[in-house]
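Engineer: I have a structure I would like to understand better, so I am pasting it below and will then ask my questions one at a time.
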Amino acid sequence: MMNVEVMFFGKLRETAGTSKEQASLEAGGKLSDLMSCLEKTHGAKFAEEVRGIKGLRILINGREYQVLDGVETVLKEKDSVVLLPPIEGG
């Protein structure tokens, strides 16, 4: 098992009920595995919000997941994953 730090911002922080948590994954787990784990932990509303946010940025150690291997990016012990919805307001 390995631990990954996950940070939530915007409405995802409200839905998750926290700004930061540790998630445990099997060694060699991918971003897609982490997202499934978070959906199981935080429920259907969290899953719907993640899927419904246009422009959701997911950063792995400060790098956009798309420039890595997308949802197939393999995570490592103590990686930092940030879920960052676009800034709202005006």
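Each reported figure results from applying straightforward, stated rules to the coordinates on display, with no laboratory input. Just so you know, these numbers come straight off a predicted model, no measurement behind them. Every residue, glycine as well, gets a Cβ built from its backbone with ideal geometry; the counts of neighbours run over all protein chains shown.
Engineer: Restricting attention to region 19-41, report how many residues are touching a strand residue (DSSP E or B) at 6+ places or on another chain (Cβ under 9 Å), surrounded by 12 or more Cβ atoms within 10 Å (Cβ to Cβ) and not in a strand (DSSP E or B).
Structural biologist: Qualifying residue count, region 19-41: 9.
Engineer: Quick one: how many residues across region 58-69 are over 21 Å from Gln22 (Cβ atoms) and under 12 Å from the mean Cα position of the chain (by Cα)?
Structural biologist: Total meeting the criteria: 1.
Engineer: Suppose we keep only residues that are assigned to a loop (DSSP other than H, G, I, E, B) and within 13 Å of the chain's Cα centre (by Cα) within region 76-89. Which one would you say is farthest from Lys11 (Cα to Cα)?
Structural biologist: Looking at the filtered set, the residue picked out is Asp79.
Engineer: Separate question: If a residue has to be out of contact with any strand residue (DSSP E or B) (no Cβ under 7 Å at 6 or more places or on another chain) and farther than 14 Å from Gly10 by Cβ to count, how many in region 43-75 make the cut?
Structural biologist: Total meeting the criteria: 12.
Engineer: Moving to a separate point now. Across region 18-61, what is the number of residues that are touching a residue at least 12 places away in the same chain (Cβ under 8 Å) and farther than 18 Å from Asp79 by Cα?
Structural biologist: Going through region 18-61 one residue at a time, the tally reaches 10.
Engineer: Name, by its number, the condition in (1) over 20 Å from Ile87 (Cα atoms); (2) surrounded by 12 or more Cβ atoms within 10 Å (Cβ to Cβ); (3) not polar (S, T, N, Q) that does not hold for Gly10.
Structural biologist: With (1) over 20 Å from Ile87 (Cα atoms); (2) surrounded by 12 or more Cβ atoms within 10 Å (Cβ to Cβ); (3) not polar (S, T, N, Q) applied to Gly10, the lone miss is (1).
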